[in-house]
Amino acid sequence: MGLPGLWSSRRWMSLALFCVPLSAGAAPFSVESPSHESRETADGERKEALEAGASTDRTRIVRRYERGAGWRYLVHVDGVADMAAVNGLIAVLTDEDRAPRVVDLATGSVVVVEAPPSPPEDEVIVAPVAPPPDSEPSPRRSQKEADGVLSAAVVAHGGVDGGLAMLSNSESLTFQFIREVPVEAGALKAKHVYRQSGSALRLDVSVQKGEGVDSTTVVGLDGGAWVVTGDQTISRDSDRTREIVGRFAPAQLLRIALGVAADIETAVAWRGLQVIGPEGDDLVLLQPQGGPAGGLVEVAFSRSDHRLRRLTLEEQGRTTIYFFDDYREVTPGLVVPHEAEVQRDGASLEALQVIGLDVVTPIPSSLFAPAG
């Protein structure tokens, strides 16, 4: 970055591409820099790409595992409007004799830019060439690969009739978990026991760390509602209390993981995903065709058990990432992650450690009575 030799190679690469008769940019492109060992190098290239006109929302650092090299970092720019913009990015993302990877998003074809070993600065030699056979998966092969990953995930998560569907049909439900959330004083960590029996609800909260008060909140069998803290019992509005307690149900806190099988089969956002490659030793990544453009941005499944490990959403300029791990099948068709975390714009919103989920054992009615 900034070295005379590197700038020379970038300059003739850029000039060469301006002289090559590529299609005049009827469709957007993606540009991906060569990979680097350090994130700092990739961060520097990202800044140069932004200065060259790349969109802030569509320019990101990607961490990728390369066989034989380990973890590497690169700059990925999506939705580059035309070849003029592509040329500007190539000028700053070329690393000596390593050129960026340019993809025509309309066709999925790769424009391979090759440079001679030591060209004079005023010599134009670079030309796009067709990718070698089998160097890139065909659209049909890519779609088949993605379909295989998603089909395996549906089965691994209990199928469309498992997960949320099973919870909705359960008359009795006991959900125990530890929840940690950031607060101004640091963190608040508490054990929660959520119980549901028919229309009755109960939530017991025991603070383990941070400033908070133990409490029991109940929506009774007769429809009344109250909160118990210490030796005080305070009546509450039933509808409002039901709404608040319902936020701690597994169908809410673990909705994405418990509903992923049905979503894959029915939700539009899951159609048209393509495999973009592995991450680490166990993950396979999928993204929407054409690259992220808001909404569902990326999903990562485990290659060993086919279960969801990470899901990324973008809404109104904010990025939310859901992490899941330690899946257990608590009953046939009900596959539950016992570790989960939600991050927004890099900061943790909440972390869950599931202690247990029971949809079989009846709950004594006394627990939903005022003296329960």
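For this structure, a couple of remarks:
- Residues of region 225-243 satisfying the condition of being within 26 Å of I355 (Cα to Cα), at pLDDT 95 or above and loosely packed, with under 13 Cβ neighbours inside 10 Å: E243
- Any chance S170 is more than 30 Å from P332 (Cα to Cα) and either small (G, A, S) or in a helix (DSSP H, G or I) (or both): no
- Near pairs, Cβ below 7 angstrom, 6+ apart or cross-chain, from region 241-254 (in the same structural domain as S168 (by TED's automatic domain parsing)) to any residue that is part of a helix (DSSP H, G or I) and among the aliphatic types (A, V, I, L, M): P250/L167; P250/L258; A251/L164; A251/L167; A251/L258
- Test: V336 is in contact with a Leu (Cβ under 7 Å, 6 or more places away or on another chain) and either part of a loop (DSSP other than H, G, I, E, B) or in contact (Cβ under 8 Å) with a residue 24 or more places away in the chain (or both): yes
- Single residue of region 244-256 satisfying the filter (farther than 9 Å from L164 by Cα and hydrophobic (A, V, I, L, M, F, W, C)) that is surrounded by the most Cβ atoms within 10 Å (Cβ to Cβ): L254
- Residues of region 326-342 satisfying the condition of being surrounded by fewer than 15 Cβ atoms within 10 Å (Cβ to Cβ) and under 22 Å from D282 (Cβ atoms): D326, R328, E329, E339
- In region 298-314, the residues that are of a type in the set (V, I, T) and over 16 Å from D345 (Cβ atoms): V299
Table: residues versus (1) outside the structural domain of L93 (by TED's automatic domain parsing); (2) modelled with pLDDT of 85 or more; (3) assigned to a loop (DSSP other than H, G, I, E, B); (4) loosely packed, with under 15 Cβ neighbours inside 10 Å.
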| position | (1), (2), (3), (4) |
| --- | --- |
| A16 | no, no, no, no |
| A24 | no, no, yes, yes |
| R46 | no, yes, no, no |
| A49 | no, yes, no, no |
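- Restricting attention to region 198-224, the residues being within 16 Å of R247 (Cα to Cα) and buried (at least 18 other Cβ atoms within 10 Å of the Cβ) number 9.
- Only a single item in (1) at pLDDT 95 or above; (2) over 16 Å from the mean Cα position of the chain (by Cα); (3) part of a helix (DSSP H, G or I) is not met by I256, and it is number (2).
- Taken as a whole, the condition of being among the hydrophobic types (A, V, I, L, M, F, W, C), closer than 28 Å to V335 by Cα and either out of contact with any Phe, Trp or Tyr (no Cβ under 7 Å at 6 or more places or on another chain) or modelled with pLDDT of 95 or more (or both) applies to V207.
- Identity of the residue in region 201-245, hydrophobic (A, V, I, L, M, F, W, C) and in contact with an Asp or Glu (Cβ under 7 Å, 6 or more places away or on another chain), that ends up farthest from P182 (Cα to Cα): A225
- Just one of (1) of a type in the set (G, A, S); (2) assigned to a strand (DSSP E or B); (3) at positive phi fails for S348. It is (3).
- Hey, G246 under 22 Å from the mean Cα position of the chain (by Cα) and either small (G, A, S) or at pLDDT 95 or above (or both) or not: no
- Just one of (1) surrounded by 17 or more Cβ atoms within 10 Å (Cβ to Cβ); (2) assigned to a strand (DSSP E or B) fails for H306. It is (2).
- Apart from one condition, R271 fits all of (1) at pLDDT 95 or above; (2) within 19 Å of the chain's Cα centre (by Cα); the exception is (1).
- Flag for G259 being on the phi < 0 side of the Ramachandran plot and of a type in the set (G, A, S): yes
- Selection count, region 78-121, where residues are surrounded by fewer than 16 Cβ atoms within 10 Å (Cβ to Cβ) and at pLDDT 85 or above: 4
The values are calculated or read from the model by the stated rules, or taken from the named source; none is laboratory data. Being a predicted model, the structure only gives us computed values, none of them experimental. All Cβ positions, glycine included, derive from the backbone under ideal geometry; neighbour counts span all protein chains shown.
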